[in-house]
Amino acid sequence: MSTRSITYGGQHTNEALAALRPDLNSARAETQAVAKGTEILTAAVDPHGGPPSDPSDGLLYGLIQSGKTSVIIVASAMAADNGFECLIILTSDINPLYGQTLDRIRRALRGLTVVGKGGWTDPTSFARQIRSVPFAVVCSKNGSTLRGLLEAFKRAGIHGAKGLPTLIVDDEADQASLNTYASKDDGRYSAINDAINELRAFFPVNTYLQVTATPQALFLQRPDHPYRPSFTVMTTPGEGYVGGDRFFAPDSPLLASVELDEVDQLRSNYQPASARSASAEAGIPEGLRRALLTFLVGAAAQNQRHPAESFAFLCHVSHAKIDHKHVVDLIDRFKSETAAVLRDGQSTKAQRLVKQLRVAYDDLLRTDPGLPPFDAVLARVKFLLPGANIKLIDSSTKEAINLDHVFSIFVGGNKLGRGVTIPNLIVSYYGRNPKKPNSDTVLQHARMYGYREMNLGVTRLFLPDNLAEHFRTIHQMESALRDHLTQYPNGDAVGLFLQSPLQATRSNVLEPSNIGVYVAGKFYNPAYPVRTPDVRQETEALDRLLQSFPADGDARGVPPAFLIELLGHCKPDPKYGTGAWNTQIIQAAVKALATPDLFGERAYIVVRRGRRLKTPRRETQGIHDSGEEALARPDGPTLFLFRQEAAGDQVEVWWPQIWFPAGAYWFSFSFER
C-alpha cells in the first residue's frame, strides 16, 4: 500500500467537482468525495512505481443509492491528476443504465477522451483515441464486449497500451464479475470473470477497485482470492439520506403491513377466470389497493406543494414477466374504475372510495402534519388520475426510468433492482419471497432507500411482515459489517452475521471448501494454544484481568466488550490449523450478537484453573470436563477460559472455548485451505 502524497486540486478533479456540483448539493458532500478519492489513491498502486509485488485490489463500499457513482467519478478524475493514464470503468450491461453511466462520466471528465461501446471496433481509430493520455473507457460487463476491448488494447500494443498505469473500476462488482463456476471447483471460469481476469493481467501496473453496496460475496472469497478486497474505503451518506434505520426501526411509521397470501394472488397463474374478468375493486388485493390509494394521496399532496414535480410508485413482487403483465393489467383496471367512480361523485361507491382516500390521508398526516387540506388533495387526485402512467419495466424494456406524469407507476422485477434509481419514489409495494433468500439480492431490491428526506412524510413501504423482518435482519447484518470494517479496513477477518432463512449470497460464486460457519448452539475452541515463552505476556495479562473470577464459579455476566478484550489475549497455534477458530472473526461474531435485537449487553465468562492438557483437540470438540457444558448460558455468548499449567518446555497458558447460544442465526466467513 502506497503512502505517497496525493494531489487533490488538479484540473481534472476541479472540472469533475464542478460538473457534479448539482448532484453533490453541498460543500460537505464535495469534501467527502475528495476525501474518499484520496483514500482510494493512497491505497492504490503507485502509477510511477512499476509493477507491484502484490496485486492492488480494493473495495468502495457505500450504502444503497447513497452516491457511490459520484465518488467513482471524483476518484477517476483524481487518478488522472495523479499519474494514472488509463481509466477503465466497468458497468451494467443493461443499455439504459450503461448509457446513464457513460453520460455522467463524459459530463464530468471533460478534459479526457472517453471511449464508449463501439469505440474500439476500429483498431486504427481506437489506437488514435488512446494515444493522448490520460483517457477513459466505459465498458459494459458482457463477455464478448469485454473481450473486444481487450483485443483492441492488444492490437494497440505498438503504442504502449500494455505499459499504461491503469485504474479499473468495477461498478456492482459482486453481480456479474465473480466466477459463477466457483462452487464446482473444476478450474473453469465464467465468461465475464475470465475476461476481467485477462484485462487485469494485461496491465502490469493497475489497481482494481470493486464498487458495491452488497459486498457479501466478495468477503466470502478466500483471503488470498484475487476478488477478495485487500483494502476497503467506506462512504457515508450525506444529508437527506433515508435507509434501513428509518424504514426498519421498531414501530417505524413508514411500514405498512400486508398479508403474505395476497402477494400470491398477484401471480398470474393464481387468478381464476372470474377474477380476471371482475372489476378492479374485486380483483385487486386489499393491501395493493391501500398502497395505490396512499400513493395517489401522497403524490397529489406533494404536487400541490411542488407543482413541477412528479412522483413514483413501485410494485416489485416477482421476477416473471407474465406476473408483471398481470399486475399492470390489475393496476390499469384499478385506475380506470377509480377515475370513473370519482367522476360520478355521488354514488355509494364514490362515497366509499372517498372514505378510503381519507383513511390514507389521515395515515400520512401522522408523519406529515402539514399536508394540504383533504378536499384540495381529493380534487387533485380526481383531476390527475386519468393521465396516470403505468409502466412495465422488464428485461425487454429499452426506455429509461423517467417520471412523465405526477402519478408514475412502475411494475417489474430484476430490472427494477440493482443500480436503478427511481426519482421521487414515495410508495413501494414489495413481495419477492423466495424460500432461501440471498441477503445481498434482497438488499439490492431496497429501491426505497436514497436521498428522499424531502418526501419522507408521504413515504410508505407496503410488504408482508416476514419480508420486513428479512430487511430488518439484513440491515443489522450490514451495520455489523460496516462497523467491523471501520476497525479492519484492510480486509482482515471479515465475517457475515446471518439469520434464518437468509443466505449471504448465491452459492455458485463461493468455494464450499473455503467457507466456515459459526453455528448457534455450538462450542468452538482453538485446536491448541501457543505455548512458547513468547506468550507469557498474554498469559500475565489474562491473569490480571481474571484475578477476581473464582476457579470453580458459575458463569458470570460481563459486558461483551470485556469478552472481546479477553479473546484478544488468546493466541491459537497456527501449526495445528485455524480453520474454524479465528480470534478476530470470533470477536466480530460476539460484537454482532451484542445488539438490542439479539443478546444485547449479555455475555458471560466461566474460569477454570489448574488444567494440564497437552494434546490438541478438534476445533469443535470442546476442552471442558464432562458436565461443564451446562454452565453455558442460553441468553448470551459464554467464554470459557481454562488455565493450563506449564509442562516441560510448554509454558502456562489460557486456552479459550466459546459457546454461541441457540437461535436462528449463524456467522459465516472464509479461510485459506
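The values are calculated or read from the model by the stated rules, or taken from the named source; none is laboratory data. Quick caveat: nothing in here was measured; it's all calculated off a predicted structure. No Cβ is skipped: glycine too gets one built from the backbone with ideal geometry, and neighbour counts run over all protein chains shown.
Say whether the condition of being of a type in the set (A, V, I, L, M, F, W, C), surrounded by fewer than 16 Cβ atoms within 10 Å (Cβ to Cβ) and closer than 25 Å to Tyr61 by Cβ is met by at least one residue in the stretch 236-245.
Among the residues of the stretch 236-245, not one is of a type in the set (A, V, I, L, M, F, W, C), surrounded by fewer than 16 Cβ atoms within 10 Å (Cβ to Cβ) and closer than 25 Å to Tyr61 by Cβ, which makes the answer no.
Results for (1) at pLDDT below 95; (2) β-branched (Val, Ile, Thr); (3) in the same structural domain as Asp174 (by TED's automatic domain parsing), shown as yes or no for each residue.
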residue: Ala195; (1), (2), (3): no, no, yes
residue: Arg200; (1), (2), (3): no, no, yes
residue: Tyr208; (1), (2), (3): no, no, yes
residue: Pro229; (1), (2), (3): yes, no, yes
residue: Asp251; (1), (2), (3): yes, no, no
residue: Ala256; (1), (2), (3): no, no, no
residue: Asp261; (1), (2), (3): yes, no, no
residue: Leu266; (1), (2), (3): yes, no, no
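Quick one: which residue in Pro96, Pro134, Pro123 is farther than 22 Å from Val45 by Cβ and in contact with an Asp or Glu (Cβ under 8 Å, 6 or more places away or on another chain)?
Matching residue, one of Pro96, Pro134, Pro123: Pro96.
What about Asp440, is it acidic (Asp, Glu), free of Cβ contacts under 8 Å to residues at least 60 places away in the same chain and over 30 Å from Ala360 (Cβ atoms)?
no
So in the stretch 107-125, with the set limited to residues that are under 15 Å from Arg155 (Cα atoms) and among the β-branched types (Val, Ile, Thr), which one is surrounded by the fewest Cβ atoms within 10 Å (Cβ to Cβ)?
Checking each candidate, the answer is Thr124.
Right, Val359: surrounded by 12 or more Cβ atoms within 10 Å (Cβ to Cβ), under 19 Å from Ala291 (Cβ atoms) and at pLDDT below 95 or not?
no
Restricting attention to the stretch 87-96, does a residue exist that is of a type in the set (Val, Ile, Thr) and touching a Lys or Arg at 6+ places or on another chain (Cβ under 9 Å)?
yes
For (1) of a type in the set (D, E, K, R); (2) over 26 Å from Asn433 (Cα atoms), each residue gets a yes or a no:
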{"residue": "Ser318", "(1), (2)": "no, no"}
{"residue": "Ile322", "(1), (2)": "no, no"}
{"residue": "Ile331", "(1), (2)": "no, no"}
{"residue": "Gly345", "(1), (2)": "no, yes"}
{"residue": "Val359", "(1), (2)": "no, yes"}
{"residue": "Gly387", "(1), (2)": "no, yes"}
{"residue": "Ile390", "(1), (2)": "no, no"}
{"residue": "Asp404", "(1), (2)": "yes, yes"}
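What number goes with the only condition from (1) buried (at least 22 other Cβ atoms within 10 Å of the Cβ); (2) hydrophobic (A, V, I, L, M, F, W, C); (3) within 27 Å of Ala213 (Cα to Cα) that Leu97 does not pass?
(1)
Given the structure, is Lys154 in the same structural domain as Thr42 (by TED's automatic domain parsing), under 23 Å from Asp46 (Cβ atoms) and in a helix (DSSP H, G or I)?
No: the conditions fail for Lys154.
Of the residues Gly67, Gly118, only one is closer than 23 Å to Thr232 by Cα and of a type in the set (Gly, Ala, Ser); which?
Among Gly67, Gly118, only Gly67 is closer than 23 Å to Thr232 by Cα and of a type in the set (Gly, Ala, Ser).
Pick from Lys141, Lys162, Lys184: which is within 16 Å of Glu198 (Cα to Cα) and either at pLDDT below 95 or out of contact with any strand residue (DSSP E or B) (no Cβ under 6 Å at 6 or more places or on another chain) (or both)?
Selected residue: Lys162, the only one of Lys141, Lys162, Lys184 that is within 16 Å of Glu198 (Cα to Cα) and either at pLDDT below 95 or out of contact with any strand residue (DSSP E or B) (no Cβ under 6 Å at 6 or more places or on another chain) (or both).
Would you confirm, using the coordinates I've provided, whether Arg21 is surrounded by fewer than 24 Cβ atoms within 10 Å (Cβ to Cβ), under 27 Å from Val420 (Cβ atoms), without any contact (Cβ under 8 Å) to a residue 12 or more places away in the chain and not assigned by TED's automatic domain parsing to the domain that holds Ile422?
yes
Scan the stretch 407-459 residue by residue and report those that are farther than 14 Å from Ser310 by Cβ, assigned to a helix (DSSP H, G or I), in contact with a strand residue (DSSP E or B) (Cβ under 7 Å, 6 or more places away or on another chain) and of a type in the set (Val, Ile, Thr).
Listed by number, the list is empty, since nothing qualifies.
All but one of (1) at pLDDT 95 or above; (2) assigned to a helix (DSSP H, G or I); (3) closer than 30 Å to Ser507 by Cα; (4) touching a helix residue (DSSP H, G or I) at 6+ places or on another chain (Cβ under 8 Å) hold for Leu167; state the number of the condition that does not hold.
It fails just one condition, (2).
Taking the options Gly648, Gly610, Gly663, Gly636, name whichever one is free of Cβ contacts under 8 Å to residues at least 24 places away in the same chain and not polar (S, T, N, Q).
Gly648
Quick check: is even one residue across the stretch 548-560 under 22 Å from Met477 (Cα atoms), crowded, with 20+ Cβ neighbours inside 10 Å and in contact (Cβ under 8 Å) with a residue 24 or more places away in the chain?
Within the stretch 548-560, one or more residues are under 22 Å from Met477 (Cα atoms), crowded, with 20+ Cβ neighbours inside 10 Å and in contact (Cβ under 8 Å) with a residue 24 or more places away in the chain.
Which one of these is basic (Lys, Arg) and touching a helix residue (DSSP H, G or I) at 6+ places or on another chain (Cβ under 6 Å): Lys391, Lys382, Lys436?
So the residue among Lys391, Lys382, Lys436 that is basic (Lys, Arg) and touching a helix residue (DSSP H, G or I) at 6+ places or on another chain (Cβ under 6 Å) is Lys382.
Give the residue that is surrounded by the most Cβ atoms within 10 Å (Cβ to Cβ), with candidates limited to residues of the stretch 144-159 that are modelled with pLDDT of 95 or more and either touching a Pro at 6+ places or on another chain (Cβ under 8 Å) or of a type in the set (Ser, Thr, Tyr) (or both).
The residue in question is Thr145.
Quick test of your reading of the structure: Ser70 fulfils all but one of (1) buried (at least 24 other Cβ atoms within 10 Å of the Cβ); (2) closer than 20 Å to Leu199 by Cβ. Name the failing condition by number.
(2)
Working only within the stretch 3-27, note down all residues that are more than 16 Å from Asp81 (Cα to Cα), modelled with pLDDT under 90 and among the charged types (D, E, K, R).
Asp23
Is it true that some residue in the stretch 586-604 is buried (at least 18 other Cβ atoms within 10 Å of the Cβ) and among the polar types (S, T, N, Q)?
Yes: the stretch 586-604 contains one or more residues that are buried (at least 18 other Cβ atoms within 10 Å of the Cβ) and among the polar types (S, T, N, Q).
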